[in-house]
Amino acid sequence: MTTLGLGVERLEQALLGNASGLRVCPGLAGKGYSSAVAGQVPEPVFEQLRDRDATHADARAFLLANAALSEAVLSARGLEAVSPSRRALVLSTTKADMDALERLFRREPCSAAARRHIQPSLLAEDLAAAQGVAGPVQCVSAACISGLLALKQGALLIRRGRADAVFVAGVDLLSHFVLSGFTTLKSLDAEGCRPFDRDRGGLSLGEGAGALVLARRELAPPRAISVRGWGVSDDANHLTGPSRDGSGLALAISRALTSGGASAEEIDYLHAHGTGTSYNDAMESRALRTVFGGQVPPFGSSKGMLGHTLGAAGILETILCLIALRAQTLPGTPRLREPDPAVPASVVATPRPAERLRKLLKVNCGFGGTNAAVLLERNGE
């Protein structure tokens, strides 16, 4: 549920076509923001979702997240045998229903359901109830690594025997609060973000929701994609700026490799954080060279496709990784025109068939110097 529309098929089409969903949003123009280019969910999408669920008609975060969860659960196999008490839910979000809070501030109508979802934990509880989850319910809000942390938490719930299936969802909305904050930080690209481009000028914000189902190995289909390992770090450099040498991200990647029992040479592709800001892309480039030396695997970013969806980013971008693994395709980097000479030459500008795509790393970075990496592996041949 993104700027591209409803459903995972839209993501697959965009990945294979290297398409961008960023556009000038009329509702953002003239409001004092440094950019009106964003990955905004089209209003017709919300109209479709309201028709499905009139009770939550103005609860935008719930509508998006619940639709994503319903699609993920429908596509999963073997869940019929899992009782509600053995199902868990982990929600990833940074701002939950910020739209509701802003409406209350402006003294505009706002339903009780939407007001509840200003609190991320209550949004998680209501999503769990809607999906028939009677087991553990958790909420992760840790800046832009929230999605990968939610995947880690979900995997740990299974590993520790607390659940047999875990629904992991990520959601965040575009809001005046977030747009104003990034404008103040001078972090938005007026033309739209261009990750790893020599003329990149900043990031583009996006909104949306995605969901995945994690299951115990015995319940998973033969060719399921496994979460093999993860790594987390905090470089404690600055409230909003990453460590310039990339050491924190390099540590998170190394921990993920160790956790998953993989060597750097085994990684076939890396999906970067790739926001398009000067500092982030330079830092990531240094981190990749630290870990992989002169043999950096193919890598790229999807922020030029969806925008930076904050708490939903790790989930949506992991879904793109799953699509790539199943299609055996190296994703491109939408909106990349001319790679920065300082960026490793293995950056993938346009999609191409993969000679071998089995082990893949997904990384994200966030405010406060946070870094996370998750190792995914395609099972079977």
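The values are calculated or read from the model by the stated rules, or taken from the named source; none is laboratory data. Everything numeric in this text was worked out from a predicted model, so none of it was measured. Every residue, glycine as well, gets a Cβ built from its backbone with ideal geometry; the counts of neighbours run over all protein chains shown.
Some observations on this one:
- R356, sole failed condition from (1) in contact with a helix residue (DSSP H, G or I) (Cβ under 9 Å, 6 or more places away or on another chain); (2) of a type in the set (K, R); (3) at pLDDT below 95: (1)
- Taking the criterion of being in a helix (DSSP H, G or I), closer than 18 Å to A150 by Cα and of a type in the set (S, T, N, Q), the only residue of the range 71-125 that qualifies is S121.
Yes/no per residue for (1) in contact with a helix residue (DSSP H, G or I) (Cβ under 7 Å, 6 or more places away or on another chain); (2) in a loop (DSSP other than H, G, I, E, B):
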residue: L179; (1), (2): no, no
residue: E191; (1), (2): no, yes
residue: P195; (1), (2): yes, yes
residue: A211; (1), (2): yes, no
residue: G229; (1), (2): yes, no
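- Enumeration of residues in the range 12-24 that are surrounded by 20 or more Cβ atoms within 10 Å (Cβ to Cβ) and over 11 Å from P351 (Cβ atoms): S20, G21, L22
- Filter pass, P341 being in contact with a strand residue (DSSP E or B) (Cβ under 7 Å, 6 or more places away or on another chain), assigned to a loop (DSSP other than H, G, I, E, B) and either in the same structural domain as A38 (by TED's automatic domain parsing) or under 17 Å from A282 (Cα atoms) (or both): no
- Test: residue in the range 144-162 that is in contact (Cβ under 8 Å) with a residue 60 or more places away in the chain, part of a loop (DSSP other than H, G, I, E, B), surrounded by 15 or more Cβ atoms within 10 Å (Cβ to Cβ) and over 17 Å from the mean Cα position of the chain (by Cα): no
- Residue check, R326 outside any loop (DSSP other than H, G, I, E, B) and of a type in the set (K, R): yes
- Meets criteria (within 25 Å of V140 (Cβ to Cβ), surrounded by fewer than 17 Cβ atoms within 10 Å (Cβ to Cβ), among the polar types (S, T, N, Q) and not assigned by TED's automatic domain parsing to the domain that holds D199) for T258: yes
- One residue from G294, G248 being buried (at least 19 other Cβ atoms within 10 Å of the Cβ) and over 30 Å from P222 (Cα atoms): G248
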